[in-house]
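Written out below as structure tokens is the structure these notes cover.
The values are calculated or read from the model by the stated rules, or taken from the named source; none is laboratory data. These numbers come from a predicted model, not from an experiment. Because the Cβ atoms are built from the backbone with ideal geometry, glycine has one as well, and the counts that use them run over all protein chains shown.
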């Protein structure tokens, strides 16, 4: 049986059976498993649970096994032509084998009915105890029945309140000179010592730690301790991660550490403020009233933003809408500029027309005449 963190269920052999009158065989086997891993010591004995056969049911189980083996041997000899029977006898043999194979699992289930769980009420108890629970052999499934027994009797913890975690830490780990314990150290110990709770997985511990860390009632957290200072100290903050560095700090010690930190911060600010005030006082004392009269007078000049003096505007006008656009420009731009009687407003109109195939004589003549009439300064054709 591997010695790891997995929770394992062990079926004891028939010679390790249990009865209320004689429990020594099964109990000795359980103690042997939780103490030794073959020829080596076992370090995670609190990860093992056991099922033992009932001494009174073994006789029937053996009979069913013998019957199934006997009929199986007969059918095998018939198929191997080592035994010659008529058709009726062959059918009878196969029917008996099928019946025996169907009865055997039910009888085995009824025989393996005792659930054994190692327990130790306190660390000072000299020897572990074995808690015995009778399984309901008529239930739908063996696994669901075992899980129900484990949960109902708190033999395996599937959800754990932070108050129970705090109780265990306060009882066994937190000391006056050692107010912090590694979370992974506690997890390793729960696998090793049977007087500690048997958690189903490490996630049970992680969820309990996170729930407790979210309040200021159970413990503080940190990720290391160096020269009396906690690295990454938190209290009332669930944003934590369970790893090898996570520390759980006794709540009163955590609150005291928090208060000391706040006091040190306030003292640092006070000290810095006093030093600044002292330097200002020293400098002020050196300047007497006579010297102050020769201090240059500081004059603040009002900055005057220079005014703009020229406006130049250029706009492209679509030929199809030139009439409307030029009217808009005249009303919205030019008329506003000439409101200032001192303004010298000049308006120039530039027209550029390109004819990829060349302009017709009719258009050229009309444009030239109109441009002369309107007083165009430039009316050049190229």
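The C-beta contact set for segment 69-90 (first residue part of a helix (DSSP H, G or I), second residue loosely packed, with under 12 Cβ neighbours inside 10 Å, distance under 6 angstrom, 6+ apart or interchain) is empty.
Conditions tested, residue by residue: (1) closer than 29 Å to residue 60 by Cβ; (2) loosely packed, with under 14 Cβ neighbours inside 10 Å; (3) outside the structural domain of residue 199 (by TED's automatic domain parsing); (4) touching a helix residue (DSSP H, G or I) at 6+ places or on another chain (Cβ under 9 Å).
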site: 78; (1), (2), (3), (4): yes, no, yes, yes
site: 83; (1), (2), (3), (4): yes, no, yes, yes
site: 86; (1), (2), (3), (4): no, yes, yes, no
site: 102; (1), (2), (3), (4): yes, yes, yes, no
site: 114; (1), (2), (3), (4): yes, no, yes, yes
site: 124; (1), (2), (3), (4): no, yes, yes, no
site: 127; (1), (2), (3), (4): no, yes, yes, yes
site: 136; (1), (2), (3), (4): yes, yes, yes, yes
site: 142; (1), (2), (3), (4): yes, no, yes, yes
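Quick check: anything in segment 53-66 part of a loop (DSSP other than H, G, I, E, B) and in contact (Cβ under 8 Å) with a residue 12 or more places away in the chain?
Quick first cut of segment 53-66, residues part of a loop (DSSP other than H, G, I, E, B) only: 53.
Checking which are in contact (Cβ under 8 Å) with a residue 12 or more places away in the chain leaves us with 53.
Yes: segment 53-66 contains one or more residues that are part of a loop (DSSP other than H, G, I, E, B) and in contact (Cβ under 8 Å) with a residue 12 or more places away in the chain.
Just one of the numbered conditions (1) in contact with a strand residue (DSSP E or B) (Cβ under 9 Å, 6 or more places away or on another chain); (2) in a helix (DSSP H, G or I); (3) surrounded by fewer than 17 Cβ atoms within 10 Å (Cβ to Cβ) is not true of residue 43; which one? So the condition that residue 43 fails would be (2). Scanning segment 144-163 for residues that are touching a helix residue (DSSP H, G or I) at 6+ places or on another chain (Cβ under 8 Å) and under 20 Å from residue 54 (Cα atoms) yields a total of 0.
Out of 171, 148, which single residue is more than 24 Å from residue 209 (Cα to Cα), modelled with pLDDT under 95 and in a helix (DSSP H, G or I)? Reasoning before the result, please.
Working: 171 fails: more than 24 Å from residue 209 (Cα to Cα).
After ruling out the rest, the residue left standing is 148.
Residues in segment 168-194 that are crowded, with 17+ Cβ neighbours inside 10 Å and farther than 22 Å from residue 230 by Cβ: 3 in all. Is it the case that residue 316 is at pLDDT 70 or above, in a helix (DSSP H, G or I) and surrounded by fewer than 10 Cβ atoms within 10 Å (Cβ to Cβ)? Criteria not met by residue 316.
Does segment 25-35 contain any residue that is in a strand (DSSP E or B) and in the same structural domain as residue 130 (by TED's automatic domain parsing)? Can you show your working first?
Of all residues in segment 25-35, those in a strand (DSSP E or B) come to none.
No; the residues of segment 25-35 include none that is in a strand (DSSP E or B) and in the same structural domain as residue 130 (by TED's automatic domain parsing).
Among residues of segment 306-326 that are without any contact (Cβ under 8 Å) to a residue 12 or more places away in the chain, those with a Cβ under 6 angstrom from a residue that is part of a loop (DSSP other than H, G, I, E, B) and surrounded by 10 or more Cβ atoms within 10 Å (Cβ to Cβ), sequence gap 6+ or separate chain, pair up as 325/317.
Residue 232 meets the stated requirement of being at positive phi, surrounded by fewer than 16 Cβ atoms within 10 Å (Cβ to Cβ) and under 27 Å from the mean Cα position of the chain (by Cα).
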